[in-house]
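A short reminder: the numbers here are calculations on the coordinates, not readings from a lab. Keep in mind the model is a prediction, meaning the values are calculated, not measured. Using ideal geometry, Cβ is built from the backbone for each residue, glycine included, and neighbour counts are taken over all protein chains shown.
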Amino acid sequence: MQEFVAHTTQPKVLVLGATGPTGRLIVRQAVAQGYDVTVLARSAEKARGLEGAMIVIGDARDDAVLRQALKGRDAVISALGTPASPFREVTTLSTATRALVAAMKAEGVRRLVCITGMGAGDSAGHGGFLFDRLIFPLLLRKVYADKNRQEAIVRESGLDWVLVRPSILNNKPGGGTVRALTDLTGVHGGTIARADVARFVLEQVRGDTWLHQAPLITG
């Protein structure tokens, strides 16, 4: 079985959710740092602009596609997202993550860095008045129910995982200080640049500081 080992050569990573705004920044930064990057995208059209990455076309819930994309990888970054869904149940995140964990085990890939969000798990209630009282219950309740299922799958996977919970995302240039917290006493909201989330996530591919933890990150 292939094991993840921190070393001087840059890792070979698979990025899921690479066509989203945060995922694109993860790919861009990883390529700039010399990582060997594969992305899984639903179509070639959606993957436009991901220069420097190898593109695998397919559905992130498809075991055969996942195993193909995982060949030779050292780690996986999941930046999968789903639109706000006030009325319909959401299952995409948990379904894809369940399939991913099984495929990673089959291919011997152990490191998983998974982005969820502020409001998942024990970070619920720490988003500030507007997020906690209006945005979350009216728009995101069903999405976060699936994020909680997703987090549970990751925690129970037996893999070398890190769950990353960004505060409210913005599109500022980044380069600021990132605070990573597991003690959320006194935390009520916050924002963070997507570029800083990407930087933090890439640090977790090789670092063990937050291994088997779920830090909330904010600017």
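Only a single item in (1) in contact with a strand residue (DSSP E or B) (Cβ under 6 Å, 6 or more places away or on another chain); (2) more than 23 Å from Thr97 (Cβ to Cβ); (3) in a helix (DSSP H, G or I) is not met by Phe131, and it is number (1).
Considering the range 169-209, the residues that are in contact with a Phe, Trp or Tyr (Cβ under 9 Å, 6 or more places away or on another chain), in a loop (DSSP other than H, G, I, E, B) and not aliphatic (A, V, I, L, M) include one that is surrounded by the most Cβ atoms within 10 Å (Cβ to Cβ), namely Gly189. Glu151 meets the conditions (1) out of contact with any strand residue (DSSP E or B) (no Cβ under 8 Å at 6 or more places or on another chain); (2) acidic (Asp, Glu); (3) part of a helix (DSSP H, G or I) in every case but one. The failed one is (1).
Rundown of residues vs (1) closer than 21 Å to Leu70 by Cα; (2) under 14 Å from the mean Cα position of the chain (by Cα); (3) aromatic (Phe, Trp, Tyr), yes/no style:
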position	(1), (2), (3)
Ala99	yes, no, no
Ala124	no, no, no
Arg133	no, no, no
Glu156	yes, no, no
Trp161	yes, yes, yes
Pro166	no, yes, no
Asn170	no, no, no
Ala180	no, no, no
Asp183	no, no, no
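So which residues in the range 63-94 are farther than 22 Å from Val201 by Cα and within 18 Å of the chain's Cα centre (by Cα), if there are any at all?
Filtering the range 63-94 down to residues farther than 22 Å from Val201 by Cα leaves 63-65, 67-68, 84-91.
Within the range 63-94, Ala84, Val90, Thr91 meet the criteria.
Checked against (1) touching a His at 6+ places or on another chain (Cβ under 8 Å); (2) of a type in the set (Gly, Ala, Ser); (3) crowded, with 17+ Cβ neighbours inside 10 Å, Ala120 meets all criteria but (1). Taking the criterion of being touching an Asp or Glu at 6+ places or on another chain (Cβ under 8 Å), under 27 Å from Ala214 (Cβ atoms) and of a type in the set (A, V, I, L, M, F, W, C), the only residue of the range 51-82 that qualifies is Leu70. Close Cβ contacts (under 7 Å, 6 or more residues apart or on different chains) running from residues in the range 126-138 that are more than 18 Å from Arg165 (Cβ to Cβ) to residues that are in a loop (DSSP other than H, G, I, E, B) and of a type outside the set (A, V, I, L, M, F, W, C) comprise Leu138/Pro86.
For beta carbons closer than 9 Å, sequence separation of 6+ or different chains, a first residue in the range 155-170 that is on the phi < 0 side of the Ramachandran plot and a second that is of a type in the set (Ser, Thr, Tyr) and assigned to a loop (DSSP other than H, G, I, E, B), the qualifying pairs are Val162/Thr209; Leu163/Thr116; Val164/Thr116; Arg165/Thr116; Pro166/Thr116.
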